[in-house]
Amino acid sequence: MITGILFDKDGTLFDFEASWTGWASGVLLDLADGDSEKAIHLGRWIGFDFAAGRFEPDSVAIAGTLDETTSALLQGLPHMTHDALITVLRTSGATAQMVEAVPLAPYLDDLRTRGVRLGVATNDSEVLARSHLAAFDVDTSFDYIAGADSGFGAKPGPGMCLGFSDQFDLAPETVLMVGDSRHDLMAAQAAGMIGVGVLTGMAGADDLSDLAQVVLPDIGHVPGWLDATYGPDTPGHRQNTTRSVAI
């Protein structure tokens, strides 16, 4: 039986590009004091093409922690301290206009009727995660919300995943870890969970398929995949270990 579903946040619950490219352009321009050439230079440190308004697939901001993004960006801002810059990024990040991958409230309500525990494991900070979820009134839909600063470590380590399964006494092999990056799926693998990839981040199916049991267009396809894999209207009867790509 599937007993729990653990979601990444950015690129999974929220469409990464739609949510973060506008924010990145704005904060880089602010840090550059309105100088677009300097903003272009700053963007290179974190893998963001300021002129095109697009993250590079290997951007530290996609799968890395806020601390890692801050450290990378500091290379172009030697006059700032780490604490000062992380405060700027955290404060501005809290106001980022997130875009749901699917309408989250009814989606999560449907999953809860299946009798599974729901959680979030993000490399963002826990405070920002709770703020973004609360903006859509879905923070209370989750039994567990952990960030890279919650004491479990960051992905691709298994800490946040195991924190979820341990808290609710769930066998890891009965838990889905749904994410848009290799970091998410590597964390799932390290924790002994079932990795499910989605394509609402910057990675393509080919980037995820070797680590995922299935790759889906977005989280909206998870319930249908569960029904098809484990039987209709139930989280599941037994695991199917065949890897597949459904796009």
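The values are calculated or read from the model by the stated rules, or taken from the named source; none is laboratory data. Fair warning: this is a prediction, and the values are worked out from it, not measured in the lab. Please note: Cβ atoms are built from the backbone with ideal geometry, for glycine as well, and neighbour counts cover all protein chains shown. Surface accessibility is based on the protein's heavy atoms, side chains included, excluding ligands, DNA and RNA. Shrake-Rupley method; radii C 1.70, N 1.55, O 1.52, S 1.80 Å.
Of all residues in region 35-74, those being in contact with a Gly (Cβ under 6 Å, 6 or more places away or on another chain) and of a type in the set (Gly, Ala, Ser) number 1. Scanning region 81-122 for residues that are touching a Gly at 6+ places or on another chain (Cβ under 6 Å) and open to solvent by less than 70 Å² (accessible area, probe 1.4 Å) yields Val102, Val116, Thr122. Restricting region 195-219 to residues that are under 21 Å from Thr3 (Cβ atoms) and either of a type in the set (S, T, N, Q) or in contact (Cβ under 8 Å) with a residue 60 or more places away in the chain (or both) leaves a set whose member that is most open to solvent (accessible area, probe 1.4 Å) is Gln213. Is it true that Leu128 is farther than 23 Å from Thr174 by Cα and hydrophobic (A, V, I, L, M, F, W, C)? So Leu128 passes the test.
Can you spot a residue in region 1-13 that is modelled with pLDDT under 95, surrounded by fewer than 23 Cβ atoms within 10 Å (Cβ to Cβ) and over 23 Å from Val102 (Cβ atoms)? Looking through region 1-13, at least one residue is modelled with pLDDT under 95, surrounded by fewer than 23 Cβ atoms within 10 Å (Cβ to Cβ) and over 23 Å from Val102 (Cβ atoms). When restricted to residues that are open to solvent by less than 70 Å² (accessible area, probe 1.4 Å), in contact (Cβ under 8 Å) with a residue 40 or more places away in the chain and more than 20 Å from the chain's Cα centre (by Cα), region 20-70 contains 3.
Could you name every one of the helices (runs of 4 or more DSSP H) located completely within region 3-87 that has at least 1 residues being under 24 Å from Phe142 (Cβ atoms) and not basic (Lys, Arg)? If you could, list the steps in order and put the result at the bottom.
Values: elements: 16-31, 36-45, 60-63, 66-74.
So the answer is 16-31, 60-63, 66-74.
Quick check on my filter: what residues within region 17-59 are in contact with a strand residue (DSSP E or B) (Cβ under 8 Å, 6 or more places away or on another chain) and within 19 Å of Ala187 (Cα to Cα)? The one that is in contact with a strand residue (DSSP E or B) (Cβ under 8 Å, 6 or more places away or on another chain) and within 19 Å of Ala187 (Cα to Cα): Ser59.
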